[in-house]
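The values are calculated or read from the model by the stated rules, or taken from the named source; none is laboratory data. All figures in this text were calculated on a predicted structure; none of them were measured in a lab. We place every Cβ from the backbone using ideal geometry, glycine too, and count neighbours over all the protein chains shown.
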Amino acid sequence: MAIKPIIFSKSCIKTLTAVEADIRRSNQHEFQGVAPLKDIFGFNRVTKKASFSIRGDSRTYIVDLTWYDAREGNPNRSAEYRLYFQSSPVMEAAKEGDVIAIGYDNNNNIHCELIQSNRGTHKPTQWQISQGIA
């Protein structure tokens, strides 16, 4: 999927923090539940399969994804939402400062596409070349 455009019905772009991208800092496999993610997933638990990919790479990995309140068992504390994902080669390649596009497509499928930053490795995809936009 990462060599063709993804048409999202609802999405956000998130810049990855060290604890989201570096397993030496945290092995939680979670994105912090920022406001744009709350707009996408709401306030109820969501568990679905999601497609993870790296922009410019034709490989896609299907993993389990769960949106949840990490404090749901503690009524005395305010909600703290997280987006849990299973490990995949995509997130193993992620670095602090990379961005990830997260959202639903028009068929209600979730896509998470990593856009690597400052690596000097961007190459046009075959699709971009075939469309004359590379």
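Tell me which residues, restricted to the stretch 35-49, are surrounded by 12 or more Cβ atoms within 10 Å (Cβ to Cβ) and not charged (D, E, K, R).
Result: P36, L37, I40, F41, V46.
For residues that are of a type outside the set (S, T, Y) and outside any loop (DSSP other than H, G, I, E, B), tally how many sit in the stretch 29-72.
22
Scan the stretch 50-61 and tell me whether some residue there is exposed (fewer than 13 other Cβ atoms within 10 Å of the Cβ) and touching a residue at least 60 places away in the same chain (Cβ under 8 Å).
no
Go through (1) of a type in the set (A, V, I, L, M, F, W, C); (2) modelled with pLDDT of 85 or more; (3) not in a helix (DSSP H, G or I) for I23 and report which single condition fails.
For I23, the failing item is (2).
Give the residues of the stretch 87-109 that are over 14 Å from T15 (Cβ atoms) and either part of a loop (DSSP other than H, G, I, E, B) or touching a helix residue (DSSP H, G or I) at 6+ places or on another chain (Cβ under 9 Å) (or both), sorted by residue number.
Those that are over 14 Å from T15 (Cβ atoms) and either part of a loop (DSSP other than H, G, I, E, B) or touching a helix residue (DSSP H, G or I) at 6+ places or on another chain (Cβ under 9 Å) (or both): S87, S88, M91, A93, G103, Y104, N106, N107, N108, N109.
Among the residues of the stretch 73-86, are any in a helix (DSSP H, G or I) and either modelled with pLDDT of 95 or more or crowded, with 16+ Cβ neighbours inside 10 Å (or both)?
Of the residues in the stretch 73-86, the ones in a helix (DSSP H, G or I) are none.
No, the stretch 73-86 has no match at all.
Can G97 be described as among the small types (G, A, S), surrounded by fewer than 17 Cβ atoms within 10 Å (Cβ to Cβ) and at positive phi? Steps first, please.
Values: among the small types (G, A, S): yes; surrounded by fewer than 17 Cβ atoms within 10 Å (Cβ to Cβ): yes; at positive phi: yes.
So G97 passes the test.
Take the residues of the stretch 62-81 that are in contact with a Leu (Cβ under 8 Å, 6 or more places away or on another chain) and in contact (Cβ under 8 Å) with a residue 40 or more places away in the chain: which is nearest to A50 (Cα to Cα)?
Among them, the one singled out is L65.
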